[in-house]
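The values are calculated or read from the model by the stated rules, or taken from the named source; none is laboratory data. What you see is a predicted model; the values in this text were computed from it and never measured. All Cβ positions, even for glycine, are placed from backbone atoms using ideal geometry, and neighbour counts span all protein chains on display. Heads up: the accessible areas ignore ligands, DNA and RNA and are worked out on the full protein's heavy atoms, side chains in. Shrake-Rupley method; radii C 1.70, N 1.55, O 1.52, S 1.80 Å.
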Amino acid sequence: MHPARSGTSAISSPDDPALLRRELERDLGTVRRRLRRLTAPLDDDTMHHQHLSIMSPLLWDVGHVGNFEELWLLREVAGRPAHNPELDHVYNPFENPRWVRGDLGILPRVEAGTYLADVRAEALEVLRTVELGHERPLLAGGYVYRMIVQHEAQHQETMLQALDLRGTTAGRAAAAPYPPAAARRLPALARPVDDTERVAVAAGPFRMGTDDRSSAYDNERPSHLVQVPAFAVDRFPVTARRFAAFIADRGYARPELWSRAGRAWLAETGERAPQGWVPDGSGGWLVRRFGHLGPLDPREPVQHVSYFEAEAFARWSGGRLLTEAEWEKAAAHDPAAQRSRTWPWGEAPPGPEHANLDHAGRGPAPVGSFPAGASAYGVEQLLGDVYEWTSSPFAAYPGYATFPYPEYSEVFFGDDYRVLRGASWATAGWVARSTFRNWDYPRRRQLFAGLRLAWDLA
């Protein structure tokens, strides 16, 4: 069994239920402590106010985390009654889209904290006695507990998006800055690299997705064979330096680089740079993050770009965005072993030498910072730093089956969304894996998202 590191739990054998229970209890505790650290510096008004219509009030996310845990770990697992049935409506994301959540009767901060604590105390009580065998798929290998940990971690990333957007969007620059992390778990100095270097991926089949039922979401399953033509791929994510060159070459003002939908987005928004970028007055760029204005490191991956911006940059560069299958092959396939890896570097869970994860810092690390995290093809920084837009719509894999509820994946399948792969610096290690799939509308920029380019090879 690998040691648990970087927010990633080593998965114990269900034949050792005592050890499995301890690991699940530990992970539940770790993710909750992170929530407390994230919210501790914020005053009540910041927690309760809906700063932007596309993001929930932070306290809604907090209450939703508790309600989701209650639904699954108390009611579904143990058949216990609801603490307060009215909360099911308040914290139902499908009954209440983001733009109305500021008007809901969400729990005040102290009451929300008490609710989370009461639910957690009961959940741990149930965990200590519940059977974790294979008779109930929801409990097999502790799946439902890992789902809860990942769910809470994903909402923490969403809350960080809201805090960053609050401090970087026009009209919000005067908002009180969010305190930076106490320390950045990043390399002191990245090795010098060519940020335009490419690697070749040979044509051939690989096994995409997973059959794992201990942690993976339903949209990652089942594993299936996919034929992928030969292609070249950026060794590193696109850097701020490269994207600044696109801007300097009038990339936002050249309609031939943009799709029809992208041109409409430009006309509507007037955007001319990634979210948070501020001209420094001398032809360069500063960046505002969480309300803090500072120098933009040209070596770091560009983040906070929409799919439309990523697509236009790719055209300007003479490349294209990767398909989802290409991204996963470059990340996971081991051509020598003819199998897929759990993480790009192998089977050891993420450590600080592999990737920039777990929101230990407040932004991406310079490219070249994590050679130990390279895939079998030598592609680096596939997990951590920034999610990467792909050209693929969010769709079910062949043989997909909803589990355990359709609202996580099934209701989003279709051409409205584009898939993002990898993980960002704000993603928890529990979520970061080669098969994980994220998705959003092409117009969205609040995600800690960038891009990587591909080129066809004969």
Practice problem: Enter the accessible area of Thr114 (Å², nearest 10), with the probe set to 1.4 Å and all protein chains included. | Solution: 70
Self-check item: Exposure of Asp88 as accessible area (Å², to 10), given a probe of 1.4 Å and all protein chains
Solution: 40
Practice problem: For Ile54, Ile148, give the ranking by accessible area with the largest first, probe 1.4 Å. | Solution: Ile54, Ile148
Self-check item: Residue-by-residue Karplus 3J(HN,Hα) for segment 309-320, coefficients 6.51, -1.76, 1.60, Hz, glycine and proline x
Solution: 5, 4, 5, 5, 4, 4, 4, 4, 7, x, x, 7
Quiz item: Where the centroid of each part is defined by its Cα atoms, how far is segment 385-458 from segment 199-257 in Å?
Solution: 10
Quiz item: Rounded, prolate or oblate: which one fits the chain, using the alpha carbon gyration tensor with axes a ≥ b ≥ c (rounded when a/c is under 1.5, else prolate when a/b beats b/c, else oblate)?
Solution: oblate
Self-check item: DSSP-assigned coil residues among trypsin sites (Lys or Arg not before Pro) in segment 222-252, each with at most 13 further Cβ atoms within 10 Å
Solution: Arg250
Practice problem: Please list, in chain and number order, the residues 5+ apart from Thr239 or on another chain whose amide H is under 5 Å from its amide H, with Hs placed from the backbone. | Solution: Val302
Quiz prompt | Surface share of carbon and sulfur [accessible, 1.4 angstrom probe, percent] for the chain | solution = 55
Self-check item: For segment 120-127, Karplus couplings with θ = phi - 60° (6.51, -1.76, 1.60), whole Hz, Gly/Pro x
Solution: 5, 4, 5, 4, 5, 4, 5, 4
Quiz prompt | Rounded accessible area of Ser259 (nearest 10 Å², 1.4 Å probe) | solution = 30
Practice problem: Find the eigenvalues of the gyration tensor of the Cα atoms of segment 397-456, then list the square roots of 5 times those eigenvalues as equivalent ellipsoid semi-axes, largest first, in whole angstrom. | Solution: 21, 16, 14
Quiz item: Can you list the residues, at least 5 places off or on another chain, whose amide H is less than 5 Å from the amide H of Val278, using H built in the peptide plane?
Solution: Leu286, Val287, Arg288
Exercise. Please identify every one of the GluC sites (Glu not before Pro) in segment 321-403 that sits in a loop by DSSP and has no more than 14 other beta carbons within 10 Å of its own beta carbon.
Key: Glu347
Quiz item: If we restrict to alpha carbons, what Rg and Dmax does segment 244-392 come to, in Å?
Solution: 17.2, 52
Self-check item: In segment 54-101, GluC sites (Glu not before Pro) in a DSSP loop with at most 15 other beta-carbon atoms within 10 Å
Solution: Glu95
Quiz item: In sequence order, what are the phi-derived ³J(HN,Hα) couplings for segment 58-69 according to the Karplus relation 6.51 cos²θ - 1.76 cosθ + 1.60 with θ = phi - 60°, rounded to whole Hz, with x for glycine and proline?
Solution: 4, 5, 5, 4, 4, x, 5, 4, x, 5, 5, 5
Quiz item: Which of Ser369, Gly429, Trp389 sits closest to the plus end of the dipole of segment 356-458, meaning its Cα is farthest towards the positive end, when Lys and Arg get +1 and Asp and Glu get -1 on the C-beta?
Solution: Ser369
